[in-house]
Structures are given as C-alpha cells and as structure tokens.
Amino acid sequence: MKTTVRFICVICFLVSFPAAVPAASDDMLGIYRLAIDNDPQFKGAAYERSALQESLKQAYARLYPEIHAEGIYGKISQDIVSSSNPVYTTGSSDYDTKTYTGKLTQSLFQYSLYMEVSQAKFLQKRADVDFQFARQDLILRVAHAYLTALAARENLAYANAERDDIKMLHERAEARYKSGLAPLTDLYDARARFASVNAQVIKAESDLRDALQAVREICGKTVSEIKALKEELPIVMPNPENPEHWVKVALEQNLKIRSTQYDYDISQKEIDKQMAGHYPKLDLVGR
C-alpha cells in the first residue's frame, strides 16, 4: 500500500512539472504524454466536456430575440367567362401576388429560461470536475500499466534465469544416468522440472506481451521496451502526517464527491424549471 502511494505521488509530481523532466516516449512520463493525446477514455472525457460546455451557450441563446422572416410569391391565372362587374372583362388574365412577413419576439420574463441558464452553469462545472477526474484516472492507469509491464519483464528475466539453472541440472542428470551413476527416476524428475520451468517462461512471455499491449492501448503506440525506474526516487511525505486531516480534505475536494454534488444541484434546477412551466411569461412581439 505504501509503495503504491509513493509511486502515485511520484507520477503526480512529474506530471505537475513536465517541463523540468525531459523524457523519451518509452519512459513513464513519455507514456503519459502520449496517453493524453491518444487514450480513448481520456479523449472521450474531453469531447464530453466540450459538448456540455455548449449547453450554456444554448441556454443563453434562448434569452436573445428571435427574428422570423417569410416571403410568399404566387402567380394566379384565371379565365373569366362572364362578369357583371364592369372592371373585369371576360377572357384570360394572369397576375402575381407577393407577401412579406417579419416577426420579432423578445422574451421579457420566462422563469424557466433563467433556470435553464443556471442549470447549464452547473452542467459546465460538473463537466470541468469530471474532466479533472479523468486526468487523475489517466495518471493512475498509466502508472499501473507501466509498473505491471516492468514487473512482467522482471518475472520473465527471473524465469529465464531459473530455466538456465534447471537446464544445467537436467543435462547433468542425463549425463549421470547415461554413465550409470543415477537412477531413471532422477532423470524423469529433472525432465519434469525442466518442462515446468519452460511452462513458466512461456507464461511470463505471454504476461509481458499482455502488459505491453495494455500500455499500447493507453498511449496509442507500440512499445517493445520500457525504461526501468530510477534507483533513487524523491519521496516527499505528506504534511501533516495525520490521516484524519487527509480524510477531511478528501471529503471537501474529492472530485467524485464534487461531481455528485453538482448532480444534486442540476436535479434541483430541473425541478425548478419544470415548475416554472406553470408560471406566466411575458414576451414582446412585433410584426
């Protein structure tokens, strides 16, 4: 638990000061920079934030005046057989008709529109909080995928070293058996151990490929080799070293809690907006 927290603190420190630490694309910071541009989950959160930010503009737009214009053109053809009106003569005649209409509507008071604007503001705030949470989640996913890949590589190296040792024992057992110095059971035992360690190597290779694939899914780039962590990492202890203090801070600043609070505010504004449908409204209309 302490090791995990320390690694997360290091990642947060590096992300907070990206300009101070130059990094290639195969170290942890480089993977994180690639993930910002390529991770599908993070990009989806960014697009969702952009879409929700448009809701405030749309809400304000309903407070602006609306202008409607319409033009109608018609052509009438008639054939008068007889008429008692001396103005109209018999025969065929054609004439045009044109109609132009303009209408301006300005809302002077509509309570639901103001509630819609207020609701859109909370939607925008929640979108910003959710985007910050998506960035934090990306940091954790990059750290987890990267450290998992490092652990898989170390496991593969250990499995290969163990296989080399078991291979030597297997060769000695075969030589001793052929020379009559060891029974057949010793040879079968050495073969079984060698087959078992071969299976461990195959599994370690598969785990490493899966771990590198997980890194590729996050950063959008095929990674065949990743750099090991530094031998010495600067670990800064939390100040103050009081768990209760950080629990209190988390309750006040935790992004998921803040997002849920905004959900409550948005729901309250929706109730007010629906109730406003029963209130009178006043519009200024000119034609």
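The figures follow:
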read-out: Filtered residues of segment 170-192 (kept if part of a helix (DSSP H, G or I), surrounded by fewer than 17 Cβ atoms within 10 Å (Cβ to Cβ) and not aliphatic (A, V, I, L, M)); value: Glu171, Arg172, Glu174, Arg176, Lys178, Thr185, Asp186, Tyr188, Asp189, Arg191
read-out: Lone qualifier among Lys103, Lys125 - being under 28 Å from Asp283 (Cα atoms) and either charged (D, E, K, R) or surrounded by fewer than 18 Cβ atoms within 10 Å (Cβ to Cβ) (or both); value: Lys103
read-out: Yes/no for Val236 being of a type in the set (A, V, I, L, M, F, W, C), out of contact with any helix residue (DSSP H, G or I) (no Cβ under 6 Å at 6 or more places or on another chain) and at pLDDT below 90; value: yes
read-out: Filter result for the condition that a residue is under 21 Å from Met115 (Cα atoms) and either of a type in the set (Asp, Glu) or surrounded by 10 or more Cβ atoms within 10 Å (Cβ to Cβ) (or both), over Leu52, Leu34; value: Leu52
read-out: Pairs with Cβ under 8 Å, 6+ apart, first in segment 88-110 and without any contact (Cβ under 8 Å) to a residue 24 or more places away in the chain, second aliphatic (A, V, I, L, M) and in a loop (DSSP other than H, G, I, E, B); value: Thr90/Val81
read-out: Restricting segment 201-234 to residues that are more than 29 Å from the chain's Cα centre (by Cα), of a type outside the set (D, E, K, R) and more than 30 Å from Lys167 (Cα to Cα), the residue that is surrounded by the fewest Cβ atoms within 10 Å (Cβ to Cβ); value: Pro234
read-out: Qualifying residue in segment 234-242 (condition: closer than 18 Å to Gln119 by Cα and touching a residue at least 60 places away in the same chain (Cβ under 8 Å)); value: no
read-out: Those residues of segment 72-130 which are over 29 Å from Leu52 (Cβ atoms), among the β-branched types (Val, Ile, Thr) and either in a helix (DSSP H, G or I) or modelled with pLDDT of 85 or more (or both), in sequence order; value: Ile72, Ile76, Thr97, Thr99, Thr101
read-out: Residue in segment 211-227 that is among the hydrophobic types (A, V, I, L, M, F, W, C) and more than 30 Å from Leu34 (Cα to Cα) present; value: no
read-out: Criterion violated by Tyr158 - all others in (1) hydroxyl-bearing (Ser, Thr, Tyr); (2) over 30 Å from Met28 (Cα atoms); (3) surrounded by fewer than 15 Cβ atoms within 10 Å (Cβ to Cβ) satisfied; value: (2)
read-out: Output for segment 239-287, where each listed residue is touching a helix residue (DSSP H, G or I) at 6+ places or on another chain (Cβ under 6 Å) and among the polar types (S, T, N, Q); value: Ser259
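The values are calculated or read from the model by the stated rules, or taken from the named source; none is laboratory data. No experiment lies behind these values; they were computed from the predicted model shown. Cβ: placed from backbone, ideal geometry, glycine included. Neighbour counts: every protein chain shown.
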